[in-house]
Amino acid sequence: MKPEKILTIGIDIDGTVTSPSSIVPMMNESFGRDLRYEDCYDYNLANVYQITEAEFEQWLDQNGERLYNEAPVHGIADQVLRKWYPAHKLIYISAREARHHDVTLNWFARYQIPYHEVDLLGSHDKLEAARKWGVDLFLEDRLENALQLSEALQIPVFLFDTPYNQARLPELVHRVSSWEEVDRKLKALTLGQALV
């Protein structure tokens, strides 16, 4: 039997390790709306809430700390990541701004989520960071990121299924519905088996 391969895994935080629906109640509260997570058909929530980009940026600037502090864990992400940590290198690459480093690490500590590196970019463009860390696989919820990373780096991307990332996917992007499924697919990948 072949030994399992050690992977460097790039992991998005919001909507991947945190529940993708966690932003909706806070935005409803702020903007006097009653939208459901299922109504969030566009990653750009300014479009969903019919507000300007500037209004959304201002909202995130004022509420980011609370959002990142209160977000629930996505399914059993914490358990799976603890299981992977001894065998793989876990690199969190997020669009969060560097000023949210403390709240991010405090949240990780609260849920006992292990990491090797946490790279907060302040931008959705994760390509250079993924290159820098030499990731072999990426976990993401944003469709544009998944497409860019898989194509430019020729690596598999596990894309968490959400209302805002529906599209036909290229061969290297694998839609996943749970952390249990991600765990199974990672096992197959480390054993050199086909991802189905």
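The values are calculated or read from the model by the stated rules, or taken from the named source; none is laboratory data. None of the values given here were measured: they were computed from a predicted structure. Here Cβ is always computed from backbone atoms with ideal geometry, including for glycine, and neighbour counts include all displayed protein chains. We work out accessible area using only protein heavy atoms, side chains counted, and drop any ligands, DNA or RNA first. Shrake-Rupley method; radii C 1.70, N 1.55, O 1.52, S 1.80 Å.
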Every residue from region 160-171 that is in contact with a Gly (Cβ under 7 Å, 6 or more places away or on another chain) and either part of a loop (DSSP other than H, G, I, E, B) or free of Cβ contacts under 8 Å to residues at least 12 places away in the same chain (or both): 162
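Name every residue in region 155-171 that is among the aromatic types (Phe, Trp, Tyr) and touching a helix residue (DSSP H, G or I) at 6+ places or on another chain (Cβ under 7 Å), in order of residue number. Outline the logic, then answer.
From region 155-171, those among the aromatic types (Phe, Trp, Tyr) are 158, 160, 164; that's our starting set.
Hit for region 155-171 is 158, nothing else.
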Hey, residue 157 surrounded by 17 or more Cβ atoms within 10 Å (Cβ to Cβ), β-branched (Val, Ile, Thr) and free of Cβ contacts under 8 Å to residues at least 40 places away in the same chain or not: yes
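Kindly check whether there is at least one residue in region 27-43 that is surrounded by fewer than 18 Cβ atoms within 10 Å (Cβ to Cβ) and aliphatic (A, V, I, L, M). Break it down into steps so the answer makes sense when it comes.
Within region 27-43, the subset surrounded by fewer than 18 Cβ atoms within 10 Å (Cβ to Cβ) is 28-39, 41-42.
Going one step further and asking which of them are aliphatic (A, V, I, L, M), we end up with 35.
Yes.
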Top-ranked residue in region 125-154 [being touching a residue at least 40 places away in the same chain (Cβ under 8 Å), in contact with a helix residue (DSSP H, G or I) (Cβ under 8 Å, 6 or more places away or on another chain) and assigned to a helix (DSSP H, G or I); ranked as surrounded by the most Cβ atoms within 10 Å (Cβ to Cβ)]: 149
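Please go through region 55-114 and pick out each residue that is among the polar types (S, T, N, Q) and without any contact (Cβ under 8 Å) to a residue 24 or more places away in the chain. Even if it seems obvious, please write down each step before you answer.
First pass over region 55-114, keeping only residues among the polar types (S, T, N, Q): 58, 62-63, 69, 79, 94, 104, 106, 112.
Within region 55-114, 58, 62 qualify.
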Single residue of region 6-46 satisfying the filter (outside any loop (DSSP other than H, G, I, E, B) and acidic (Asp, Glu)) that is farthest from the chain's Cα centre (by Cα): 29
Near pairs, Cβ below 7 angstrom, 6+ apart or cross-chain, from region 176-196 (at negative phi) to any residue that is of a type in the set (Asp, Glu): 176/161; 177/161; 190/4; 191/4
Selection from region 97-124 of residues that are open to solvent by 50 Å² or more (accessible area, probe 1.4 Å), under 22 Å from residue 57 (Cβ atoms) and modelled with pLDDT of 95 or more: 97, 98, 99, 101, 102, 121
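Among the residues of region 172-184, is any in a loop (DSSP other than H, G, I, E, B) and of a type outside the set (Ser, Thr, Tyr)? It would help to see each step written out before you state the result.
Residues of region 172-184 in a loop (DSSP other than H, G, I, E, B): 172, 177-178.
Next, only the ones that are of a type outside the set (Ser, Thr, Tyr) stay: 172.
Yes; the residues of region 172-184 include at least one that is in a loop (DSSP other than H, G, I, E, B) and of a type outside the set (Ser, Thr, Tyr).
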Test: residue in region 77-96 that is part of a helix (DSSP H, G or I), of a type in the set (Asp, Glu), modelled with pLDDT of 95 or more and loosely packed, with under 15 Cβ neighbours inside 10 Å: no
